[in-house]
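The values are calculated or read from the model by the stated rules, or taken from the named source; none is laboratory data. Since the model is a prediction, treat every value here as computed from it, not as a measurement. No Cβ is skipped: glycine too gets one built from the backbone with ideal geometry, and neighbour counts run over all protein chains shown. Areas reflect the complete protein model, heavy atoms only, side chains present, ligands, DNA and RNA absent. Shrake-Rupley method; radii C 1.70, N 1.55, O 1.52, S 1.80 Å.
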Amino acid sequence: MLSSAANTTKPKFRYLSAWFCPFAHRATLALSHHANAIDYEWVEALGWERRPDTQQVTGQTHEWWYHWKSPELVRANPSALVPTLIPIQSNGQADESRAVYESLVTVDFIDTISGAKGTQRLVPEDPYEMARCRVWIEKVN
């Protein structure tokens, strides 16, 4: 576990996200919900940029929109998708080998490391209630 009663330091992360991604929004909501227990730095890691059509795809010279992914995202997540959480070690270095990704996995991870109990959790601790919650998550998904 990343945090304990003896250790008052909040876990820290680089949060690789994209403002337009509904899957990343799930993790954003979880991080916001547990903001008192987790520190993170938002990093915009996906996007679109306009570049000249240097490959002459259409034979015309106007600009095209290209999808880009940050090199950090490509290194940390085999799928190169957001959301991706990269833990920051006590020496301030990002540990890409311990990245957590996939939106629902990320939400569960955030809920767990926050140390929240009872109604402060996003996903119930009771195994039966957790199962019911997951059924509804899958229906909405």
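Calculate for the chain the 222 nm mean residue ellipticity that helices alone would give, adding -39,500 (n - 2.57) per DSSP H run of length 4 or more and normalising by residue count, nearest 500 deg cm²/dmol.
One gets -9000 deg cm²/dmol as the mean residue ellipticity at 222 nm.
Would you please put 115-121, 88-94, 40-46, 74-80 in order of how densely packed they are, using the mean number of other Cβ atoms within 10 angstrom per residue and starting with the highest?
Descending packing order for the listed peptides: 40-46, 74-80, 115-121, 88-94.
Accessible area of GLU125, 1.4 Å probe, to the nearest 10 Å²?
90
Enumerate the amide H contacts of GLY47 below 5 Å, restricted to partners 5 or more residues apart or on another chain; note that Pro and chain-start residues carry no placed amide H.
For GLY47, whose amide H was placed from the backbone, the distant partners under 5 Å are TRP68.
Could you compute the net charge surrounding GLU41? Neighbours are other residues with a C-beta less than 9 Å from the C-beta of GLU41; K and R count +1, D and E count -1.
+1
Return the FRET efficiency for the residue pair TRP65, SER90: r is the Cβ-Cβ distance, R0 is 30 Å, and the value is rounded to the nearest 0.05.
My answer for the efficiency is 0.15.
Assign unit charges at the C-beta atoms only (+1 for Lys and Arg, -1 for Asp and Glu), then state the dipole size of the stretch 75-141 relative to its Cα centre in Debye, rounded to the nearest 20.
Using only the charged Cβ atoms, the result is roughly 80 debye.
If R₀ is 30 angstrom, what is the calculated FRET efficiency for the pair THR119 and ARG98, using the beta carbon separation as r and rounding to 0.05?
0.55
Please compute the net charge surrounding SER79, taking Lys and Arg as +1 and Asp and Glu as -1 over other residues with Cβ under 11 Å from its Cβ.
Value of the local net charge: 0.
SER70 accessible area, nearest 10 Å², 1.4 Å probe?
Rounded to the nearest 10, that gives 20 Å².
Leaving ligands, DNA and RNA out of it, rank TRP48, TRP19 by accessible area with a 1.4 Å probe, largest first.
Highest to lowest solvent-accessible surface, that is TRP19, TRP48.
Sort the stretch 77-138 into rounded, prolate or oblate with this rule: let a ≥ b ≥ c be the square roots of the eigenvalues of the Cα gyration tensor; rounded if a/c is under 1.5, and if a/c is not under 1.5, prolate when a/b is larger than b/c, oblate otherwise.
Since a/c reaches 1.5 but b/c is at least a/b, the shape of the stretch 77-138 is classed as oblate.
As a test of the definition: which semi-axes, in Å, follow for the chain when you take the square root of five times each eigenvalue of its alpha carbon gyration tensor? Largest first, please.
For the chain, the semi-axes come out at 34, 20, 11 Å.
Taking only protein heavy atoms and a 1.4 Å probe, what accessible area per residue, in Å², does the chain have with all protein chains in place?
Normalised by residue count, the accessible surface of the chain is 64 Å².
How large is ³J(HN,Hα) for each residue in the stretch 77-84, as worked out from phi by the Karplus curve 6.51 cos²θ - 1.76 cosθ + 1.60 (θ = phi - 60°), to whole Hz, x for Gly and Pro?
10, x, 8, 6, 10, 9, x, 9
Nearest 0.05, what FRET efficiency do TRP19 and ARG75 give at R0 = 30 Å with Cβ-Cβ as r?
FRET efficiency, TRP19 to ARG75: 0.90.
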